[in-house]
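The values are calculated or read from the model by the stated rules, or taken from the named source; none is laboratory data. The model shown is predicted, which means the values in this text are computed figures rather than measured ones. Reconstructed Cβ throughout: ideal geometry from the backbone, glycine too, with neighbour counts over all protein chains shown. For the accessible areas, the whole protein counts, side chains as well, though only heavy atoms, and no ligand, DNA or RNA atoms are used. Shrake-Rupley method; radii C 1.70, N 1.55, O 1.52, S 1.80 Å.
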Amino acid sequence: LLEDKKPTFIVPYPPNQVQNGTFAQGMNGWTEVFETSAFQVVNGQLQSNLGGDSATGMIRSTLFRLDGAGVISMKLGAAAGERFDKDTFVSIRHYPSHREIYRFANDRHEGVEMKIYYLDLSDYLGDHLYFEIIDNHTGSYDTIFVDDIITYYAQRPVFTYSVLAKDLLQWRDGS
């Protein structure tokens, strides 16, 4: 299982868009937290299938400042099941406290088909945040696919409740 390793960022004024959220530049701007990793970029998508079923890993984004509408979005594929809140998920953390403020997973699983998720983080406008993408499952094939991370919308995008990411921190606490 993965352990918690807190990052240090040396960016005094982070931009409002996470670096390389489309993975068009491979994993540039993303840091693999452990020596062995499951992550690779294939056809412009981050995938946690390097090394097969037992591969695990965590990859961390650059720091970004939440501005604009306070809404972010990303596409997820695969990685679902009853364990998704602990095995394959995306965590959003606050800097400098490193407190996890949001955790979600692909609860609309349909194989490798990418599904868009929106998160309303407007309570954190002006704060510095970062992503951790985790594949912590060593058994059956449970891969996470990530693409098109957008951390800045000038105006609130139009979306329905059905594409809103479920905050697993609230779900787990029963709130």
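If we sort 148-156, 9-17 on the protection proxy, mean other Cβ atoms within 10 Å, highest first, what's the order? Show your work: numbers first, answer last.
Working: 148-156: 16.0, 9-17: 11.8.
Put in order of decreasing packing, that is 148-156, 9-17.
If you run the Gaussian network model on the chain, springs between alpha carbon atoms under 10 Å, then out of PHE131, PHE34, PHE104 the most flexible one is PHE34.
Contour minus end-to-end for VAL11 and LEU125, with contour as 0.36 nm per residue of separation and end-to-end as the Cα-Cα distance? Don't skip to the end; give the middle numbers.
Working: separation 114, 0.36 × 114 = 41.04 nm, distance 1.79 nm.
Between VAL11 and LEU125, full extension yields an extra 39.3 nm.
Ligands, DNA and RNA left out, the 1.4 Å accessible surface of the chain is 50% carbon and sulfur atoms. In plain terms, the chain from GLN170 to HIS98 could stretch by 24.1 nm, reckoned as 0.36 nm per residue minus the Cα-Cα distance. Distance between the modelled labels on ALA69 and ARG156, one decimal in nanometres: 0.9 nm (7 Å Cα→Cβ projection).
Please report, in debye to the nearest 20, how large the charge dipole of the stretch 112-161 is about its Cα centre when each Lys and Arg carries +1 at its beta carbon and each Asp and Glu carries -1 there. Kindly include the intermediate steps, with their values, before the conclusion.
Working: 2 positive and 9 negative charges, 37 e Å.
So the dipole magnitude of the stretch 112-161 works out to roughly 180 debye.
Counting only Cβ charges, +1 for Lys and Arg and -1 for Asp and Glu, the dipole size of the chain around its Cα centre is about 360 debye. Under the criterion of Cα pairs below 8 Å and six or more residues apart, the relative contact order for the chain equals 30 percent.
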